[in-house]
Amino acid sequence: MYNFPLLRVQFNCSVASPSSGIYNGFQLSEAHKRLVICYDCEQIGAQVKPKIGPFALCGRHKTPSKTILRNNVCHNFCPNCVNLIQSNDFFLSPQDGKSRFRLIGDLLKKLGIETNYENKLTKGCFLEISPESRTKKYLVHTFMQRLLTIHYRAKDVSVKSEGPIQKSQHTAGKDVFGALLQKNTGNKKNKPTQVHPMDVQMAVFLCSDPFLQQIMVTKLSQCQYAVPLLLPNPFTGNIEFPLWTMRQISKSWKTTDTSGEFTSKTLPMYKAQTPMVAFFRIGSISSSKSQLMNRLINEKHDTFFHRDCPGSSRERLLMDGVVEIAWYLPSGNSTDHFSDCVAFCNLHGDSSINETQRKILTEMSSVNVALLPQLDRNDNNMVIVQDLCDCSTPLIIGERKYRVSLKGRNQSDVSVALREVIKNCLSEQPVTFSLEKIAEHSEIKVDEDNEDCQKGKETAQEIMRLLKTEDPSAVKEKYLPCQGKLWHDWCQKNKELRRLKSDNLELEQCKRQEEMREIRNKQHSCCISDFMCLFIRKLVSLSYSEKIYFLKWMTIMLDDLTSDTLSALLQEYDQKWSEELALKKTHHKETPQKLKTKQLNLEKISNKLNYATFGLEHLVREMGQIYEASVYERIKDRVMGEDLSYLPELAAELMISGHPVELMDGDAAHVPLVWVSAVLDKVIRKLGDQRVLCVVSSGIQSSGKSTMLNAMFGTQLPVSAGRCTRGAFMQLVKVSEEMKAELNFRAEMQDILHIVVQAFMRMKQVRLNPSCVFVHQNVTDVAAGVKMMEGRRRLQEKLDEMTKLAAKEEVYDAECFSDVIAFDVQKDVKYFSQLWEGSPPMAPPNPRYSENVQELKRDIVFRASKTKCMKLSQFQQRVKDLWEALLNENFVFSFRNTLEISVYRKLEEEYEKWTWSLRSAMLSIEDKMLNRIYRGKVEAVEKQELMREISETLQKVQTSFKKYFEEDSEKETLIQWKSRFEKQIQHLHDDLVDEAKRKLDENIKQKSIRKHLDEELINYEKALFEKSKELALKLKEDTWRDPKAEFDSVWGKWVSELTKDVPKIKDVNLSNDVINILKEFDKYGLVFGQRKNAAYRKIHTAADYSSYVSMKRVKLGAVLLWKKSLTPNDQTSIGELISKVIQQTTEKVNSFPVSVQGYSSGYIQEIVRDVKQLVQEFKPRNDSFEFKREFFVDLSLYVCEQAEKRFEELHRKYRETNDPVLHFKKKKAEYFKVFMKYYQGATSAAVLGDQICVKLKETILQSVYNMSAKLICDQMRGKPPFNGNRGDLEKHILKSLAEQEGDKEEKFTNFLTYMFHPNYHFKQFIRDRVRQYMAAENSQAVSVIKEHIDHKQRIIISAAEKARDEVRLISGDINKWLEIFSNSLVDELGDTRVHLSDDITKDVTGYDVLVDVIKKELSIIVEQLKGRFTKLSALKKEMFRETPEEILIKHFCRCCWKQCPFCGAVCTNSQENHTEKHQAEFHRSGGMKGCNFKDTTEFSINFCTTKVATDKLLFYDENSDKSFPYKEFWTAGGKYAEWSISADFSSLAYWKWFVCEFQENLENHYNKTFTGKGEIPSEWKKYTTV
């Protein structure tokens, strides 16, 4: 029934049959019938004793007459002892019917831990956030949660089992007295059973693994509870000594010597040599021994659980025979009960039965206190009393010894009297004991004897032997060299990296980085010490259990190594500090010098304290530095012969197992980012990317931050004063499955008042939005929350006042604290009771403090349920971002929220998909509407119709958009952009509708203009058809004549006759138009000369415009001075003017109706006029220069040349569409085919079918091009470089620039184009990639095209058959067939009508023949088309309605093109009008833009991301005529305030490579040099190949 490891023994001796269940008059339980064996005293020989372990003879009686099983061990008792064991619950009366085993089993089952004796509970079962419950099922969990959070009322967890509640019986009058005398005859079955609190504690303890047992005992001791010293294990029969569990108990106290001097002591209690006072009872007594001990030790706290404690009952199962220990700790005050530490041991139950425990206690104790009832000399227990009296240890209560009577005295009087007697005894006989001494007793089993524990201990001892002869204050420096001076120097250099001072920041930065690299080399050259080698090797090789024991032992032994040294140093520090304070009160003239000496001495002692502090965290820190140095230099590990990636894994295992891991090194005040990131990476790999609730406790030193978190979550953060625990630690606490459903997580922060407002304001500005709670500690009044209303009001006023001051300092708009962070002064101010209930060291933790902490915890959990928190990977990145921002000092403007950037980039990718869905859908709609327009089915297009057509796609996009923002794991971050992106999608939708309507309206207008021409063309076509037929029939009779020659001879004549009255459309000479029009604005010679030297063609990529300007005198104060040259800002402004002219000209060209009305020279004239106007409107800053005429001419030539290309293309299309001569020139082959058909005797149906297929070939071909444009765009979007966001596309462009081949000057020119005209370069990049894509093999695209052609064939045949069947039904003619046929193909193919004369069509009557002809001819056409498109390169650009590059340019180039005001880097935001500040991923060196040092030709090579981190450098803003520090660049306003530029000390290798690779080109281009202050660091030269 119960999974207990029962003790089974068997002897070759006579056995009294236990089958009856009766033994010597006692009822045996079923579970023990097979276990209890009866022996004759003669047969209990030597062979029995070693087999059954503890073997006891009864007291003073030599011949046992009865043998019974006690705790699974055979014991012998004489008849006189039977009475003593009648209460033994192994032998219950027949009425009770339950054995002790069964009762224990029932208890474990009620507690839900019935399987945990074998499968031990671990700390992971309880160190988690979970709901609290008082039902039995969760009783264990609630008890442990309270205990782990040092709530000393943790034992108040008992509950009664559910049962019917009896109704109270009301008795009137005199019957009340009679009712009181009546016996209770209620149904015992309905009597509720109660779980004893100590049974809960002991059951959990017995079912826990050694590490959880150790935590339990440590927490019990912290709660000032007694802890188990000896305990009989009911499952094994062993008496166990849990020494391991007490290894972490450490106590502090003050002793007083005879002279009155105080000595402070802090010791682990396993090392303490203290006197022991042992308490036990003999027989049954009415007084409570435990209660008496509590009064003796601490009148205000129940150190030992007793009968009057809440939840106590008589039904306890697991406490009899248990020995508990507690220590009295003096505080050095006159009220101390004892002058030194005293151990008090309490043997629960009757000591006459628990003989082994009593024996051990009496041997080890300094004083024995026995409580016994009135005994006569014949009482069996008098033998025990006699033994106690005979021993040398003082005995209280007993003849010839001290005797204190309890009868008739209150407990207070008894405790005072008893305390005095004990003090006297201790003073007379100062005998001490230690916990480790108890382990020498052979009758007990020591928990440390298990194999894993011993292995861990031996391993730790092996390592510690290396330190055996070392000075504790020198071991860190010798054996942990990587974290000492070298690491501190590296940290200092890293900080200096953010405080650069020289003019050449990049050179200084390289110097600092080289120094940091040298330090890393030195760290490696130190090698890994033998100590660390052995430590790491053991961590790798040990099993999990051995490893945890090993780490615990290492902690114990390291503490042991340094404790004496630290204690001495602390006392010395205290003494020196006291001397300094005393010296400050004197006013002697030598005082300042003496003070300085004292302070130096204090600093020396402080340094010694740091050196002597040596714990496990320092070993892990050393591992971190070893790892960081190895990553820095990529050096192999000499410990394991491989890379050191296993080191973070070891630390991750520690973190997962519940160990705190150092986040910030408090000694160096630095975060080892590489190490921390690597550890968190391994944690993520092991646990998955879990979400984490980040709880941070901040405050002044020794304000109880770690204590509060330990109490709140049961963490094990180091708790000590200031020095030993400075820095930041992180520890994981699991969230139970029950709580996961309730929690979404958030962050909490408690901070000290004088920095909180500014800190939160800075966090608000970078969109970090934690919530805060103010905690006031040490508030004693229970009504503080009510009485502190005035204090709350004053706090609110103070916070509001500080907000205004901080807002002014931070340049932030905030009037009150709630503008900065969500804060409710009524709810978010907490008042905590003091930590201790009384005065330490004997005071227990204040239960009210624990309750306050748990209330705060519940508040945190509630807040967490309202939102989600970061994932581990995001926490990892957030640590990096925050640390980088803090290093750069200017937190708000240097903070780079990588998590937010990552989320935004992902959103941009989704946005690109949504916008493409809309654009692609509109392209399909345009194709369909154009088909209808060409067919004449649509004469006007309304916006509402287009909106209806695209509404389904818009709905899908909006649904996807909503789902993304509501269901994505980062929805809390995304929400800030939802409204704007929603509007952007709607704007794009509206723009697409407007653009489509404009296109369609233009086509309708064009068709309207062409209406007369189209009608004439139809007549011309009919006439040519008739002439072709007539000629064929005529020549058919004259077979000797060559039909082709005859046709060729008359074709030209026919066309000329038909088109003689049509106006001819001439070719145009745009080049002449440009020259002639420019002559009107400037001299011909200048125009011709500039055209000839072709310098104008580089004006859009020029970086120096000095040759285009004349410098003017500038007024500086009262003096007019000639300005020597253009400033970089002047150069930039001219470049911006050129870009503006190019953009406006492009828009103007696209607005001209060339495709409808043809080209006109007036278009060139209008373009030149606009250029002139823009140049004249340009105003240089300070009027410092004016443009030469060459500038206007070159700029006009450039934009006109670009316009020429577009005009020529559009005019060609116009002429092809509107010139009948060209039209029929293309139709000649078609009419020759008609001619030959008739010549060969074909029927009219065959000729008509052939003509229909000729027309279908044109429309199928056009549909292929329409489809292919979208297909190519779709395919290219699915692969790099077009499958990411805007930033990804730029990276590919940079890569393509670096991989250019050919002439270096040409490559440099392409770079200049990218740098100064990024929009143009991006478009050119897209064009090049489309060209490359179409030139490459693409079998997938070819297959799609062929399937598209097959699809068109199928719908055409279907349309033909449908028309045939419908015409037959209505008895229609061929014209009706043609109408039905062409109408059914409008949306798919547009206008498929053929125009033949009535004389020809009337002859067509066989519709089956017509359909057969169409099938046959169409099959031939389809094969021809499919053969034509065997590769994408077969597609002709002029056939596309809208080319793939045009579509992709529209799609990808509708983004932000703003450039960094310092270096010209392009903003990478994918939206044109975004509201966030501009950001660029890769800023550039200033020299690339031509920046130089004042009054020199030396380039400034500094990156703006370096300049914004320095206090020294300034820049001049010509708009305001002021200088501003780069570190506060945004204060210059204007374009500077629109940018976010974070300090970045990453390699930025690309642009460093560019400067080195094109150094000579840059120098020639700008006529400046990389010398002096502009010297290129040698470090950059390593990037000369990419």
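The values are calculated or read from the model by the stated rules, or taken from the named source; none is laboratory data. This one's a predicted model, so the numbers in the text were calculated from it and none came from an experiment. Counting neighbours? That spans all protein chains shown, and the Cβs are built from the backbone with ideal geometry, glycine included. Note: areas computed on protein heavy atoms with side chains; ligands, DNA, RNA excluded. Shrake-Rupley method; radii C 1.70, N 1.55, O 1.52, S 1.80 Å.
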(Q) Can you pull out every residue in segment 1544-1578 that is open to solvent by 20 Å² or more (accessible area, probe 1.4 Å) and under 34 Å from the mean Cα position of the chain (by Cα)? (A) Asp1544, Phe1545, Ser1546, Ser1547, Leu1548, Ala1549, Tyr1550
**Q.** Matching residues, segment 430-443, being touching a residue at least 40 places away in the same chain (Cβ under 8 Å), closer than 17 Å to Cys345 by Cβ and open to solvent by 20 Å² or more (accessible area, probe 1.4 Å)
**A.** Val431, Thr432, Glu436, Lys437, Ala439, His441, Glu443
Q. From the residues in segment 856-871 that are modelled with pLDDT of 75 or more and not acidic (Asp, Glu), which one is most open to solvent (accessible area, probe 1.4 Å)?
A. Arg858
Q: Within segment 628-659, track down each residue that is more than 18 Å from Phe550 (Cβ to Cβ) and either of a type in the set (Asp, Glu) or modelled with pLDDT of 90 or more (or both).
A: Glu628, Glu633, Asp637, Glu642, Asp643, Pro648
Q | Search result, residues across segment 1173-1189 that are touching a residue at least 24 places away in the same chain (Cβ under 8 Å), outside any loop (DSSP other than H, G, I, E, B), within 22 Å of Leu1086 (Cβ to Cβ) and open to solvent by 60 Å² or more (accessible area, probe 1.4 Å) | A | Glu1186, Arg1189
Q.
Anything in segment 228-287 that is in a strand (DSSP E or B) and among the acidic types (Asp, Glu)? List them, or say none.
A. Glu240
Q. Hey, among the residues in segment 523-540 that are open to solvent by less than 30 Å² (accessible area, probe 1.4 Å) and among the β-branched types (Val, Ile, Thr), which one's farthest from Met464 (Cα to Cα)?
A. Ile528
(Q) If I go through segment 208-227 residue by residue, how many of them are outside any helix (DSSP H, G or I) and of a type outside the set (Phe, Trp, Tyr)? (A) 6
(Q) Among the residues of segment 1453-1469, are any of a type in the set (Gly, Ala, Ser), open to solvent by less than 50 Å² (accessible area, probe 1.4 Å) and farther than 30 Å from Val1344 by Cα? (A) yes
Q: Give the residue that is farthest from Ile1077 (Cα to Cα), with candidates limited to residues of segment 1205-1217 that are under 57 Å from the mean Cα position of the chain (by Cα) and surrounded by 18 or more Cβ atoms within 10 Å (Cβ to Cβ).
A: Leu1210
Q.
Checking the structure you have, find out if any residue of segment 1037-1059 is touching a residue at least 40 places away in the same chain (Cβ under 8 Å), of a type in the set (Asp, Glu) and either part of a helix (DSSP H, G or I) or touching a strand residue (DSSP E or B) at 6+ places or on another chain (Cβ under 6 Å) (or both).
A. no
**Q.** Filter result for the condition that a residue is open to solvent by less than 20 Å² (accessible area, probe 1.4 Å), outside any loop (DSSP other than H, G, I, E, B), farther than 20 Å from Pro232 by Cβ and modelled with pLDDT of 80 or more, over Leu361, Leu388
**A.** Leu388
Q. Does Leu1222 meet the test of being part of a helix (DSSP H, G or I) and open to solvent by less than 30 Å² (accessible area, probe 1.4 Å)?
A. no
Q) How about segment 1493-1517: which of its residues are in a strand (DSSP E or B) and more than 21 Å from Thr1309 (Cα to Cα)? A) Glu1498, Phe1503, Leu1514, Phe1515, Tyr1516, Asp1517
Q: Being at pLDDT 80 or above and farther than 15 Å from Gln874 by Cα narrows it down to one of Lys740, Lys686, Lys734, so name that one.
A: Lys686
Q.
Taking the criterion of being among the hydrophobic types (A, V, I, L, M, F, W, C), at pLDDT below 85 and either out of contact with any Lys or Arg (no Cβ under 7 Å at 6 or more places or on another chain) or outside any helix (DSSP H, G or I) (or both), would at least one residue in segment 1266-1289 satisfy it?
A. no
Q.
I'd like to check something: does segment 1480-1501 contain any residue that is within 35 Å of the chain's Cα centre (by Cα), at pLDDT below 90 and surrounded by 14 or more Cβ atoms within 10 Å (Cβ to Cβ)?
A. yes
Q) Which ones in segment 1027-1059 are among the small types (Gly, Ala, Ser) and open to solvent by 30 Å² or more (accessible area, probe 1.4 Å)? A) Ala1045, Ser1049, Gly1052, Ser1056
Q) In the set Leu954, Leu988, Leu1024, Leu992, which member is under 30 Å from Glu1230 (Cβ atoms), open to solvent by less than 80 Å² (accessible area, probe 1.4 Å) and assigned to a helix (DSSP H, G or I)? A) Leu1024
(Q) Residues that are open to solvent by 40 Å² or more (accessible area, probe 1.4 Å), more than 23 Å from Phe1429 (Cα to Cα) and in contact (Cβ under 8 Å) with a residue 60 or more places away in the chain: list the helices (runs of 4 or more DSSP H) wholly contained in segment 1317-1397 that include at least 2 such residues. (A) 1318-1335
Q. Do we have Glu458 as of a type outside the set (S, T, N, Q), open to solvent by 60 Å² or more (accessible area, probe 1.4 Å) and outside any loop (DSSP other than H, G, I, E, B) here?
A. yes
Q: Just one of (1) open to solvent by less than 20 Å² (accessible area, probe 1.4 Å); (2) more than 30 Å from Lys1527 (Cα to Cα); (3) in contact with an Asp or Glu (Cβ under 7 Å, 6 or more places away or on another chain) trips up Leu500, so point out which.
A: (2)
**Q.** Enumeration of residues in segment 1102-1159 that are at pLDDT 80 or above and on the phi > 0 side of the Ramachandran plot
**A.** Gly1158
Q) Taking Tyr1314 and the conditions (1) in contact (Cβ under 8 Å) with a residue 40 or more places away in the chain; (2) open to solvent by less than 10 Å² (accessible area, probe 1.4 Å); (3) hydroxyl-bearing (Ser, Thr, Tyr), which numbered condition does it fall short on, given that it satisfies the others? A) (1)
Q | Filtered residues of segment 541-555 (kept if open to solvent by less than 40 Å² (accessible area, probe 1.4 Å) and either farther than 15 Å from Lys468 by Cα or under 32 Å from the mean Cα position of the chain (by Cα) (or both)) | A | Leu542, Ser545, Glu546, Lys547, Ile548, Tyr549, Phe550, Leu551, Lys552, Trp553
